[in-house]
1. Considering (1) in a loop (DSSP other than H, G, I, E, B); (2) more than 25 Å from residue 69 (Cα to Cα); (3) of a type in the set (Val, Ile, Thr), say which one residue 172 fails and leave the rest.
2. Residue under question is residue 17, and the condition is that it be in a strand (DSSP E or B) and either in contact (Cβ under 8 Å) with a residue 60 or more places away in the chain or more than 11 Å from the ligand (Cβ to nearest atom) (or both); does it hold?
3. Regarding the stretch 43-59, can at least one residue be identified that is closer than 20 Å to residue 180 by Cβ and free of Cβ contacts under 8 Å to residues at least 24 places away in the same chain?
4. Checking the condition in contact with a strand residue (DSSP E or B) (Cβ under 7 Å, 6 or more places away or on another chain), without any contact (Cβ under 8 Å) to a residue 60 or more places away in the chain and not hydrophobic (A, V, I, L, M, F, W, C), which residue from 194, 210, 206, 140 passes?
5. Quickly run through the stretch 52-71 and pick out the residues that are closer than 18 Å to residue 106 by Cα and among the charged types (D, E, K, R).
6. Since residue 197 meets every condition but one in (1) farther than 26 Å from residue 5 by Cβ; (2) out of contact with any Lys or Arg (no Cβ under 6 Å at 6 or more places or on another chain); (3) crowded, with 20+ Cβ neighbours inside 10 Å; (4) of a type outside the set (A, V, I, L, M, F, W, C), which condition does it not meet?
7. Please verify whether the stretch 219-226 includes one or more residues that are open to solvent by 30 Å² or more (accessible area, probe 1.4 Å), in contact (Cβ under 8 Å) with a residue 40 or more places away in the chain, in a loop (DSSP other than H, G, I, E, B) and within 16 Å of the ligand (Cβ to nearest atom).
8. Only one of 145, 180, 163, 155 is at pLDDT 95 or above and surrounded by 17 or more Cβ atoms within 10 Å (Cβ to Cβ); which?
Amino acid sequence: MDFKSKLNRTKIPEHIAIIMDGNGRWAKKQGYKRTFGHKNGAVAVEKTIEAAVEIGLKYITLYAFSTENWKRPQTEVNIIMSLLVQTIKKQTVKLSENNIKLEVIGDIKKLSKKVKLALNGIIDSTKNNTGLTLILALNYGSRQEIIEAVKSITEEVKSGKLETENINENIISEHLFTSEYPDPELLIRTSGEYRISNFLLWQIAYTELYFPNVLWPDFEKENLYEAIYNYQQRNRRFGNIG
Ligand code: FPP
């Protein structure tokens with residue numbers, strides 16, 4: 001089915017978040033090493049970004065590396081990091097040609113110099129772009145993000161900048177890495193797993209969830225359009241009666 005042509009162009013979500021799962025299984029299924037799956041996962045990232053631009057999405061957040069992913073074998077971590085650098089470098093011109101701004105959420109201090117250098121270079125060179133904002137979640141963990149927010153709010157209360165009774169949802173949101181972005185309307189997790197895995201826990205309070213049974217390297221533009229089409233059929237009530 002051609003989902004792209006069926007989309008209601010007045011109801012495209014502003015922000016979609018994606019947990020790109022299934023690279024390892026995709027490779028194993030074909031008798032290859034897990035890292036082959038990540039390589040093909042990077043290709044799926046490129047296609048997804050193109051699709052996001054084509055339909056005029058404002059924000060896309062990709063869960064590229066979690067705070068828990070350091071537990072993987074060092075060789076696998078290294079491959080993911082070098083794929084990240086390679087993809088960023090390869091896409092530098094394309095990002096700007098397509099008016100895409102690259103941003104990162106997560107604790108990037110812990111990443112290697114090489115990765116930080118590549119990231120900071122492209123963050124800087126794309127900072128004035130006004131189209132899609134591509135947000136990479138790197139060394140990202142939602143609980144850690146919330147801990148950091150609580151610490152900084154506590155400091156503001158201690159210093160008298162903020163009154164305890166004035167702490168509300170907006171104050172918490174403003175202290176998260178995502179303070180500049182709207183909450184995602186749609187979260188996609190590929191591979192048929194039904195978990196959130198410490199991703200955007202605060203931000204997805206009212207997000208629509210979609211779990212396609214496709215491994216990330218097989219994720220095509222049409223899969224993104226199908227997810228949006230599915231989202232557009234839903235009745236979002238936000239606790240109201242609709
Ligand atoms: C999850 O699949 C995937 C990851 C933890 C890494 C995602 C990385 C990429 C797609 C490559 C580069 C990224 C960018 C942004 C260019 P998994 O390994 O957990 O798969 P499995 O559940 O089948 O083992």
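1. The single condition residue 172 does not satisfy is (1).
2. Answer is yes for this residue.
3. Kept after step one, since they are closer than 20 Å to residue 180 by Cβ, are these residues of the stretch 43-59: 49, 52-53, 56-59.
From what's left, free of Cβ contacts under 8 Å to residues at least 24 places away in the same chain: none.
So far as the stretch 43-59 goes, no, none of its residues is closer than 20 Å to residue 180 by Cβ and free of Cβ contacts under 8 Å to residues at least 24 places away in the same chain.
4. Details: 194 fails: in contact with a strand residue (DSSP E or B) (Cβ under 7 Å, 6 or more places away or on another chain); 206 fails: in contact with a strand residue (DSSP E or B) (Cβ under 7 Å, 6 or more places away or on another chain); 140 fails: without any contact (Cβ under 8 Å) to a residue 60 or more places away in the chain.
Among 194, 210, 206, 140, only 210 is in contact with a strand residue (DSSP E or B) (Cβ under 7 Å, 6 or more places away or on another chain), without any contact (Cβ under 8 Å) to a residue 60 or more places away in the chain and not hydrophobic (A, V, I, L, M, F, W, C).
5. Applying the first criterion (closer than 18 Å to residue 106 by Cα) to the stretch 52-71 yields 59-71.
Hits for the stretch 52-71 are 68, 71.
6. (3)
7. Yes, the stretch 219-226 contains a residue that is open to solvent by 30 Å² or more (accessible area, probe 1.4 Å), in contact (Cβ under 8 Å) with a residue 40 or more places away in the chain, in a loop (DSSP other than H, G, I, E, B) and within 16 Å of the ligand (Cβ to nearest atom).
8. Checking each option against the conditions leaves just 145.
The values are calculated or read from the model by the stated rules, or taken from the named source; none is laboratory data. Note that the structure is a prediction, hence the values are computed from the model and not measured. Virtual Cβ from ideal backbone geometry, glycine too; neighbours counted across all protein chains shown. SASA here: full protein model, heavy atoms, side chains in, ligands and nucleic acids out. Shrake-Rupley method; radii C 1.70, N 1.55, O 1.52, S 1.80 Å.
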